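A quick write-up on the structure given underneath.
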Amino acid sequence: MSDNKTRLAIVDDHPIVQEGLQKLLLNAADIAVIGCFTTGSDFIHFLKEHSVHIVLLDISLPDGSGIDLCREIKKLSPDTSVLALSNHSERSMVLQMLQNGATGYLLKNISGEELLSCIHEALNGQVTFSHAVKEIMSRPSVNELKDIPRLTKREKEILQLIADGMTTTDIAGTLHLSPLTVETHRKSLLQKFEVKNVAAMIRAAIEYKLI
């Protein structure tokens, strides 16, 4: 296995899903499937001993919830990207996964081409959704119909760059600002969206069609 390949794991208790994903990912020259697991506990045991760049995680597992497992994965290995791959299309599921640190949420009806695109977006630091999930998230629920945050032109620029996966240093260089100024804008954006983390902010921005 080449050291520069992306190390990907699959956690799903359906053999047909595991087999289908493995066949699909065989065609991706830059991705190596390093393990398939049917339970969360088996994967956690593996993760304690091995580096995993990205994991495709089902929500429903025999030994517990993928939502809880996501939090455990991020606590154990913060650099591991978690992509939910599920049949559950409930908006609440998507939100819970994002709140627990997931990098994205995909429905299992996703095409092969779109799956690879989402994997690469996640590896580039972007929060990513399959097309069907984007449609779900773009329809604001009744209890989330708040006033759209009023953003300055600069805040809109920074919001878009954050959504593109750029770091504070990258944004500072692009906009010719100091990193401290960018951080101040980032904190202001979190306050205006009334959220605690970037993933939730991007989700809200998508709802409000600001990005």
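On average, how much area does the Cα convex hull of the chain cover when viewed from any direction, in nm²?
Details: hull surface 48.7 nm².
With the hull built on Cα positions only, its mean projection is 12.2 nm².
Dividing the alpha-carbon Rg of segment 9-66 by 2.2 N^0.38 Å yields what?
Normalised Cα radius of gyration, segment 9-66: 1.09.
Could you tell me how many cubic angstrom of Cα convex hull volume segment 76-155 has per residue? Please list the in-between numbers first.
Details: hull volume 10.5 nm³, N = 80.
So the per-residue Cα hull volume is 132 Å³.
Let me check something: with ligands and nucleic acids excluded, how do Arg71, Arg203 order by accessible area (1.4 Å probe), largest to smallest? List each step's numbers first, then the result.
Values: Arg71 125, Arg203 30 Å².
Greatest to least solvent exposure: Arg71, Arg203.
Keeping all protein chains in place and using 1.4 angstrom, which order do Thr103, Thr169, Thr181 fall into by accessible surface area, from largest down?
Details: Thr103 20, Thr169 100, Thr181 50 Å².
Sorted by accessible area, descending: Thr169, Thr181, Thr103.
Of all the accessible heavy-atom surface of segment 68-189, with the other protein chains kept in place and a 1.4 Å probe, what percent is carbon and sulfur?
Working: 3270 of 6420 Å².
Carbon plus sulfur share of accessible area: 51 percent.
Rounded to the nearest 20 Debye, what is the dipole magnitude of segment 8-58 about its Cα centre when Lys and Arg each give +1 and Asp and Glu each give -1 at the C-beta? The partial results should precede the final answer.
On the way: 2 positive and 7 negative charges, 23 e Å.
Dipole about the Cα centre, nearest 20: 120 debye.
Based only on Cα atoms, what mean projected area does the convex hull of segment 14-130 have, in nm²? Kindly include the intermediate steps, with their values, before the conclusion.
Numbers: hull surface 25.9 nm².
Averaging across all directions leaves 6.5 nm² for the Cα convex hull.
Tally the DSSP beta bridges in segment 1-129 and give the antiparallel ones as a percent, rounded to 5.
Numbers: 2 of 22 bridges.
Among the beta bridges of segment 1-129, antiparallel pairing accounts for roughly 10 percent.
Per the helix-only calculation at 222 nm, which mean residue ellipticity applies to the chain, given -39500 (n - 2.57) for every DSSP H run of n ≥ 4 and division by its residues, nearest 500 deg cm²/dmol?
Details: 10 runs with 103 residues, N = 211.
Estimated from H runs of four or more residues: -14500 deg cm²/dmol.
Amide H neighbours of Thr6 under 5 Å, counting only residues 5+ apart in sequence or on other chains, H built in-plane at 1.01 Å?
When sequence neighbours closer than 5 places are left aside, the close amide H contacts are Ile31, Ala32.
Only Lys, Arg, Asp and Glu count, each charged at its Cβ (+1, +1, -1, -1), so figure out the dipole size of segment 59-119 about its Cα centre, rounded to 20 debye. Walk me through the numbers before you get to the answer.
Details: 5 positive and 7 negative charges, 29 e Å.
Approximately 140 debye in magnitude.
Could you grab the relative contact order for the chain? Cα pairs under 8 Å, six or more apart, rounded to a whole percent. Intermediate values should be presented prior to the final figure.
Working: 287 pairs, mean separation 30.3, N = 211.
After rounding, I find 14 percent.
Could you work out how far helix 15-26 tilts from the main Cα principal axis of the chain, as a 0 to 90 degree angle to the nearest 10?
Its long axis makes an angle of about 70 degrees.
Residue by residue through segment 113-118, which ³J(HN,Hα) values in whole Hz follow from phi under the Karplus form 6.51 cos²θ - 1.76 cosθ + 1.60 (θ = phi - 60°), with glycine and proline marked x?
Each residue's phi maps through the Karplus curve to give 5, 5, 4, 5, 4, 5 Hz.
With charges only on Cβ, +1 for K and R and -1 for D and E, what is the dipole size of the chain about its Cα centre, in debye, rounded to 20? Write out the running numbers ahead of the final one.
Working: 22 positive and 26 negative charges, 173 e Å.
The calculation lands at about 840 debye.
Based on the Cβ-Cβ distance of Arg150 and Asn124, what FRET efficiency does E = 1/(1 + (r/R0)^6) give at R0 = 30 Å, to the nearest 0.05? Let's see the in-between values first.
Numbers: r = 29 Å, r/R0 = 0.98.
Using R0 = 30 Å, I get an efficiency of 0.55.
Heavy-atom accessible area per residue, the chain, 1.4 Å probe: how many Å²?
Working: 10930 Å² over 211 residues.
It amounts to 52 Å² per residue over the chain.
Which residues among segment 44-85 fall inside the zone where the amide N is under 16 Å from a point 7 Å beyond the Cα of Asp170, along Cα→Cβ?
Within reach of a label on Asp170: 81.
The values are calculated or read from the model by the stated rules, or taken from the named source; none is laboratory data. Worth saying up front: this structure is predicted, and the values here are computed from it rather than measured. Note: ideal-geometry Cβ built from the backbone for every residue, glycine included; neighbour counts use all protein chains shown. When the accessible area is computed, the model is the full protein with side chains, heavy atoms only, and any ligands, DNA or RNA have been set aside. Shrake-Rupley method; radii C 1.70, N 1.55, O 1.52, S 1.80 Å.
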